[in-house]
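Enquirer: Shown below is the structure under consideration.
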Amino acid sequence: NTGRGLTMTTQFVEILESPKLTPLISLCLVCLILFYRDGGSGGRQIVYSSSGEATNCKTTTNDPTGASSSHPENKGNSCELPSCELVLQSRLYSERCGTSPAKWPLLITGTPRSATVYATNLLRSHGMKVQNDWSNPLQHGSVSWIFAFEDTDNFGPARTGGGTFQHVLHQVKDPLGSIASMCTEPIFSGESAFLQRHVYMPSFYEQPRSLARAALEFWVEWHVYLKKMKLPTYKVENVTAESIFQMSHLEGVFHETAPQVSSSTNARKHRPPFTWQELYTLDPRMATRAWRLATEFGYEYPAVDFDELTCLPSVPVCQQEDAPVKAQRKCKAGTHPFPRERISRDANLRKSANPEGWVDGGCIEEKTGNNTYVGVPG
């Protein structure tokens, strides 16, 4: 299961730290990490002809400009596309990867409880015909966390019938409130089988289970996959409706004037937002990954020094009634076991999102004149 393998780097690193392993086994695990990190491509970029056959395979080198060495004519203005192995797990249309035809212009996806219903209503108010994740797509598409992965038996009643979307956008929301709201999701019941088909979540195998830890894992692993897809990404708290229309090439249906849309649409009663110290207590390694993602998405926490966080005496829970359940501890109270290197300073040096909320233009597939495909920064 490649989808699961892609999310197991942290577990591999934990194994590598064991002094009991022989150097040979350690070397094998390092090779596996590098393989999955590169999307199973072994660090090579494959250029496809219009027939879908590979015309050449050249090893690419890391270039700070994002340019691919296999396309010298585009150097300085290109990016490396996600592997077809990743794309075929999604509902993004790709001629390069031989997906089914695109039926709709736009899919906006993220995690549950990340204001997808608000985004649906906002776009509708400006003229876009889209549906939320509990119904089939409308003329212009869908706003659905569920449609992040291609799955003929996905969670919920909505289906795409194998159809794909011409454009897929990645919507993010501040993790502290989003993860707290995800505590209301049926992670261990209705969504369980669907989630386990696509991401690896250790909480499913722990006894007793911690819903709070599962929500943290869910947020991290879902966004890790979407980030690997190199999709145009925005913060829902700051994005403008017009910029979404522009990014999805639907400017022609945009209405400037629109009724006001409430940001509290589909709100659920849940615990207060988590603090970073609470997430760290749940799982130091997973919280570190969440912190890095959040700062890459442009969220700032000037009052938090992640490097100084220590684990609390008790493990946080989703609801007060969960308190009697003694979840497994990942660290001793008062300690900071991970990471060993300092990361708060690096996070503070990252650039924030632009005023319209966009944090990444993504890598867009384009066909060249000689029937090959290249990635162009969005």
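The values are calculated or read from the model by the stated rules, or taken from the named source; none is laboratory data. Values in this document were obtained by computation on a predicted structure and should not be read as measured data. Cβ sites come from the backbone with ideal geometry, for glycine too, and all protein chains shown count toward neighbours. Side chains included, ligands, DNA and RNA excluded: accessible areas come from the protein's heavy atoms. Shrake-Rupley method; radii C 1.70, N 1.55, O 1.52, S 1.80 Å.
Enquirer: From the alpha carbon gyration tensor of the stretch 212-281, can you work out the equivalent ellipsoid semi-axes (sqrt of 5 times each eigenvalue) and give them in Å, largest to smallest?
Expert: Result for the stretch 212-281: semi-axes of 31, 19, 9 Å.
Enquirer: Can you pick out the pairs among 129/227; 230/367; 103/235 whose Cα atoms lie more than 24 Å from each other?
Expert: 129/227; 103/235
Enquirer: Carbon and sulfur together cover what percent of the accessible area of the stretch 200-313 at a 1.4 Å probe radius?
Expert: The computed percentage sits at 51.
Enquirer: In whole Hz, with x marking every Gly and Pro, tabulate ³J(HN,Hα) for the stretch 286-294 from phi via Karplus 6.51 cos²θ - 1.76 cosθ + 1.60, θ = phi - 60°.
Expert: Working through the residues one at a time gives 5, 5, 5, 5, 5, 4, 5, 5, 4 Hz.
Enquirer: In whole Hz, what ³J(HN,Hα) sequence does the stretch 337-343 give by Karplus (6.51, -1.76, 1.60; θ = phi - 60°), x for Gly and Pro?
Expert: Couplings: x, 7, x, 7, 8, 7, 10 Hz.
Enquirer: Grab the other residues whose beta carbon is less than 13 angstrom from that of residue 111, score K and R as +1, D and E as -1, and report the net.
Expert: -3
Enquirer: Shifting gears a bit: Around residue 108, which amide H atoms from residues at least 5 apart in sequence, or from another chain, sit under 5 Å from its own amide H, with H modelled in the peptide plane?
Expert: Hits under the 5 Å cutoff: 142, 143, 144, 169.
Enquirer: Seen from all sides and averaged, what is the projected area of the convex hull of the Cα atoms in the stretch 196-328, in nm²?
Expert: So the mean shadow area of the Cα hull is 11.1 nm².
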